[in-house]
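A.B. asks: First the structure, then my questions, so here it is.
The values are calculated or read from the model by the stated rules, or taken from the named source; none is laboratory data. Remember, it's a predicted structure, so these values are computed and weren't measured experimentally. Quick reminder, even Gly has a Cβ in these numbers, built from the backbone with ideal geometry, and neighbours come from all protein chains shown. Side chains included, ligands, DNA and RNA excluded: accessible areas come from the protein's heavy atoms. Shrake-Rupley method; radii C 1.70, N 1.55, O 1.52, S 1.80 Å.
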Amino acid sequence: DVQPEYNYYMTDLMNKIRTMALIHEVVDESNDFSRIDIVKYTQRIAELACQAYGIDITNVKYKFKDKPLYVDLQKGISCGLILHELITNAIKHGFDEKLDGDNLISIGILKKKNKPIELVIEDNGKPFKEDFNLEKSNSFGMSIIETLVEQLDGSLSLEKAKKRYSLKFSANGKA
């Protein structure tokens, strides 16, 4: 029996494991074991995060075309874990785990010819604390994100006033 104070950590850990397992489901569905459709994977991760916190998926708005965009498998795993962490942070900190019809998390995927992929996550929840600094954050979640961004050879930026994260990475090489 898990003590109540550990439930939060167990839920978070289970969701990270489910995110990694989800990539195998998406890859199995496509029968292509070298790459993953980041569009489909993004949608499934958002559904998983909402389900874990009892949030209605209609609180997530997608700002991308529903057509496949492939990245190699390792980049897909890193990208998925970053995405899950940012969505979870929005739910937990931006909305105190209580989203209603007025609260939105937006996810965009932009890909222009000869440019890196850009994954944009933003929400209209509570503003960041005055002293929040992406580069100086020492939270466990942000340290995971930092490591994963390095694995992607990508970059992560934050427009604090808009609560907009922008992750840039290439599908195969450096961003």
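A.B. asks: Restricting to segment 37-70, count the residues that are among the small types (Gly, Ala, Ser) and more than 12 Å from the chain's Cα centre (by Cα).
C.D. replies: 2
A.B. asks: Name the pairs: first residue in segment 34-54 and touching a residue at least 24 places away in the same chain (Cβ under 8 Å), second residue small (Gly, Ala, Ser), Cβ to Cβ under 7 Å, at least 6 apart or on different chains?
C.D. replies: Listed by first residue and then by second, the contacts come to ILE36/GLY76; ASP37/SER30; ILE38/GLY76; TYR41/GLY76; TYR41/GLY80; ILE45/GLY80.
A.B. asks: With respect to ASN103, is the statement that it is part of a loop (DSSP other than H, G, I, E, B), at pLDDT below 80, in contact with a Gly (Cβ under 7 Å, 6 or more places away or on another chain) and not acidic (Asp, Glu) true?
C.D. replies: Answer is yes for this residue.
A.B. asks: On to the next question. Search segment 116-159 for residues being charged (D, E, K, R) and in contact with a helix residue (DSSP H, G or I) (Cβ under 8 Å, 6 or more places away or on another chain), and hand back the single one that is surrounded by the most Cβ atoms within 10 Å (Cβ to Cβ). Reasoning before the result, please.
C.D. replies: Residues of segment 116-159 charged (D, E, K, R): 118, 122-123, 126, 129-131, 135-136, 146, 150, 153, 159.
If we keep only those that are in contact with a helix residue (DSSP H, G or I) (Cβ under 8 Å, 6 or more places away or on another chain) as well, we get 122-123, 126.
Working: GLU122: 22, ASP123: 25, LYS126: 13.
Once the filter is applied, the top-ranked residue is ASP123.
A.B. asks: Which one of the conditions (1) more than 18 Å from LEU69 (Cβ to Cβ); (2) at pLDDT below 90 does LYS113 fail to meet, given that it meets all the rest?
C.D. replies: (1)
A.B. asks: Out of segment 61-86, which residues are outside any helix (DSSP H, G or I) and of a type in the set (Val, Ile, Thr)?
C.D. replies: Within segment 61-86, VAL71 is the sole residue that qualifies.
A.B. asks: Considering every residue within segment 89-96, establish whether at least one is touching a strand residue (DSSP E or B) at 6+ places or on another chain (Cβ under 9 Å), modelled with pLDDT of 90 or more and either of a type in the set (Asp, Glu) or under 27 Å from HIS24 (Cα atoms) (or both).
C.D. replies: Scanning segment 89-96, I find no residue that is touching a strand residue (DSSP E or B) at 6+ places or on another chain (Cβ under 9 Å), modelled with pLDDT of 90 or more and either of a type in the set (Asp, Glu) or under 27 Å from HIS24 (Cα atoms) (or both), so the answer is no.
A.B. asks: Something else now. Does at least one position in segment 1-14 carry a residue that is open to solvent by 80 Å² or more (accessible area, probe 1.4 Å) and at pLDDT 85 or above?
C.D. replies: no
A.B. asks: Just checking, how many residues over segment 40-61 are under 11 Å from GLY76 (Cβ atoms) and either of a type in the set (A, V, I, L, M) or open to solvent by 30 Å² or more (accessible area, probe 1.4 Å) (or both)?
C.D. replies: Residues meeting the conditions: 2.
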